[in-house]
Amino acid sequence: MGFDIERLMRLALIYVDEDEASQLVSDLKRIMDFFNKINSLDVESVDPLYHVLDASGKLRSDKPEPKDTIEWIRRHSRVRGDMVVGPRTIAEE
């Protein structure tokens, strides 16, 4: 399997010199060989995994809880009257 290293450099927007290019081609060949080895495995009788660990996490119940959002904003923000004061975005002249 050959790699067009010039095309790969152009697509990746990188430049590598000749020494690095030969190392890159060698690494890419090893990676592709590994994937070909994986593709050759017979996995027809293997059930798919949804998670690598066979444990379930503790999830909270998905129930809406009443929240007073306006009061939370007033306690955790700078408020002037009924308005929340945000950071200045336009410099004064």
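What follows draws every value from the coordinates through simple rules; no lab data is involved. The model shown is predicted, which means the values in this text are computed figures rather than measured ones. A quick note on method: Cβ atoms are made from the backbone with ideal geometry, for glycine too, and the neighbour counts reach across all protein chains shown.
Assigning unit charges at the beta carbon (Lys, Arg +1; Asp, Glu -1) and nothing else, what dipole magnitude in debye, to the nearest 20, does the chain show about its Cα centre? Before the final figure, lay out each step's value.
Values: 14 positive and 19 negative charges, 171 e Å.
Approximately 820 debye in magnitude.
Projecting the Cα atoms of LEU11, LEU53, PRO64 onto the charge dipole of the chain (Cβ charges, centred on the Cα centre) puts PRO64 farthest toward the positive pole. Couplings 3J(HN,Hα) of segment 79-88, computed from phi: 10, 10, x, 9, 10, 8, 8, x, x, 5 Hz, in residue order, whole Hz [Karplus 6.51 cos²θ - 1.76 cosθ + 1.60, θ = phi - 60°; x for Gly and Pro]. Straight-line cross-link reach from LYS29 at under 27 Å between alpha-carbon atoms covers these lysines, not counting any fewer than eight positions away in the same chain: LYS37. Secondary-structure-derived ellipticity at 222 nm for the chain, considering helices only, amounts to -13000 deg cm²/dmol, per-run term -39500 (n - 2.57) for DSSP H runs with n ≥ 4. Within the same chain, lysines fewer than 8 places from LYS58 are excluded, and of the rest, those with a Cα less than 27 Å from its Cα are LYS67. If you plug the beta carbon distance of ASN36 and LYS63 into 1/(1 + (r/R0)^6) with R0 = 41 Å, you get a FRET efficiency near 0.25.
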